[in-house]
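Undergrad: After the structure tokens below, expect a handful of questions from me.
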Amino acid sequence: MTVGKGVGGTRRHIIESAEVLLAQRGSSELHLADVAELAHVGLQTIYYHFDSRTQLIAEAQASAYFRLIGPLHEYLGTAEKALVDRDEEKFWTALSENLVLAWSYGKDDDQWRITKLLVDIWADEKTRVEFRAGLEIQVERWINAINAAKPLGWIRPNLDTYALVTSCWAASIGQALFVNSATIHYTPESIRDFFVEIARGVPTPESAMALDDAEEPSITDESM
């Protein structure tokens with residue numbers, strides 16, 4: 001993802017060392033001397049490869065982010081292959097599992113993990129531009145996949161694809177706001193069912209069962 005002087009083994013090793021330390025402490029507590037010690041390089045080597053401490057942190061956090069969401073990219077690849085193979089079941093399985101995983105990250109021990117990564121990434125302009133470009137490629141691939149499924153009858157033809165994909169992606173990042181809420185209740189599976197119903201226009205078996213249970217009239221003394 002990085003571009004510039006000294007792209008290669010040493011630069012990558014410094015980023016990986018910073019990534020290891022950032023997983024153990026907050027970015028405000030990261031010292032370049034510690035990175036240099038772990039990477040077995042001198043401070044001057046770090047400053048040769050990076051313009052600032054902020055840039056190193058941003059690139060390390062971007063690396064951590066893409067490593068974290070790697071499985072989501074695999075689901076995307078599976079969905080794209082399912083389109084080529086005309087395998088509807090495989091397509092929906094990949095899409096569903098992608099949604100469940102994306103909406104599970106906020107329930108980790110550190111519910112603000114992704115938010116912290118993004119804050120650090122956005123602190124460095126160069127890294128932010130590169131990161132956004134990489135992210136937009138992934139979003140565009142999902143948009144293309146959804147649009148390709150429409151002529152096959154897998155997705156509602158009048159669906160606003162951009163609204164569906166971007167709202168799902170953005171909302172999953174903000175999910176940490178509602179973790180352990182006393183009034184907002186959701187599960188990754190309920191979010192999956194919601195988005196799949198919107199896209200397909202038909203309820204999933206799980207949500208249909210829940211709806212039937214909710215609509216089933218209760219037997220009271222008066223009705224008897």
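Undergrad: Would you please list the contacts, defined by Cβ atoms under 8 Å and residues six or more apart or on different chains, that run from a residue in region 150-171 that is in the same structural domain as S190 (by TED's automatic domain parsing) and closer than 22 Å to V84 by Cα to a residue that is surrounded by fewer than 15 Cβ atoms within 10 Å (Cβ to Cβ) and among the acidic types (D, E)?
TA: From region 150-171, the pairs are L152/E88; W154/E88.
Undergrad: Yes or no: region 21-30 includes at least one residue that is closer than 26 Å to W169 by Cα, in a helix (DSSP H, G or I), at pLDDT 95 or above and polar (S, T, N, Q).
TA: no
Undergrad: Looking only at region 125-178, count every residue that is of a type in the set (K, R) and under 22 Å from W112 (Cα atoms) and tell me the total. Explain how you work it out, then say what you get.
TA: Step one: list which residues in region 125-178 are of a type in the set (K, R), which gives 126, 128, 132, 141, 150, 156.
Checking which are under 22 Å from W112 (Cα atoms) leaves us with 128, 132.
Number satisfying all stated conditions: 2.
Undergrad: Scan region 36-94 for residues that are of a type in the set (D, E) and in contact with a Ser or Thr (Cβ under 7 Å, 6 or more places away or on another chain) and report the count.
TA: Just the residues of region 36-94 that are of a type in the set (D, E), to begin with: 37, 51, 59, 74, 80, 85, 87-89.
Next, from what is left, pick out any that are in contact with a Ser or Thr (Cβ under 7 Å, 6 or more places away or on another chain): 59.
Of the residues in region 36-94, 1 are of a type in the set (D, E) and in contact with a Ser or Thr (Cβ under 7 Å, 6 or more places away or on another chain).
Undergrad: Can you tell me which residue among T93, T115 is within 28 Å of A18 (Cβ to Cβ) and either surrounded by fewer than 17 Cβ atoms within 10 Å (Cβ to Cβ) or assigned by TED's automatic domain parsing to the domain that holds E19 (or both)?
TA: Working: T93 fails: within 28 Å of A18 (Cβ to Cβ).
Exactly one of T93, T115 is within 28 Å of A18 (Cβ to Cβ) and either surrounded by fewer than 17 Cβ atoms within 10 Å (Cβ to Cβ) or assigned by TED's automatic domain parsing to the domain that holds E19 (or both), namely T115.
Undergrad: Within region 35-59, work out how many residues are within 22 Å of the chain's Cα centre (by Cα) and part of a loop (DSSP other than H, G, I, E, B).
TA: Total meeting the criteria: 0.
Undergrad: Which of the residues spanning region 91-116 are of a type outside the set (K, R), more than 25 Å from T78 (Cβ to Cβ) and in contact (Cβ under 8 Å) with a residue 12 or more places away in the chain? Write out each step before concluding.
TA: Filtering region 91-116 for residues of a type outside the set (K, R) gives 91-106, 108-112, 114-115.
Subset that is more than 25 Å from T78 (Cβ to Cβ): 109-112, 115.
Answer for region 91-116, where residues must be of a type outside the set (K, R), more than 25 Å from T78 (Cβ to Cβ) and in contact (Cβ under 8 Å) with a residue 12 or more places away in the chain: Q111, W112, T115.
Undergrad: Among the residues of region 145-182 satisfying the criterion of being farther than 19 Å from E197 by Cα and among the polar types (S, T, N, Q), which is surrounded by the most Cβ atoms within 10 Å (Cβ to Cβ)? I'd like the intermediate steps shown before the answer.
TA: So the first thing to find is which residues in region 145-182 are farther than 19 Å from E197 by Cα, and the list is 173-182.
Keeping just the survivors that are among the polar types (S, T, N, Q) gives 175, 180-181.
Numbers: Q175: 21, N180: 8, S181: 9.
The residue in question is Q175.
Undergrad: Given the structure, is L83 hydrophobic (A, V, I, L, M, F, W, C), under 20 Å from V196 (Cβ atoms) and touching a residue at least 40 places away in the same chain (Cβ under 8 Å)?
TA: Details: hydrophobic (A, V, I, L, M, F, W, C): yes; under 20 Å from V196 (Cβ atoms): yes; touching a residue at least 40 places away in the same chain (Cβ under 8 Å): yes.
Criteria met by L83.
Undergrad: Quick one: in region 6-58, of everything that is basic (K, R) and in contact (Cβ under 8 Å) with a residue 12 or more places away in the chain, which residue is surrounded by the most Cβ atoms within 10 Å (Cβ to Cβ)?
TA: Restricting attention to region 6-58, the residues satisfying the condition of being basic (K, R) are 11-12, 25, 53.
If we keep only those that are in contact (Cβ under 8 Å) with a residue 12 or more places away in the chain too, we end up with 11, 53.
On the way: R11: 20, R53: 17.
Here the answer is R11.
The values are calculated or read from the model by the stated rules, or taken from the named source; none is laboratory data. Only a predicted model underlies this, so the values are computations on that prediction, with no experimental measurement involved. Every residue, glycine as well, gets a Cβ built from its backbone with ideal geometry; the counts of neighbours run over all protein chains shown.
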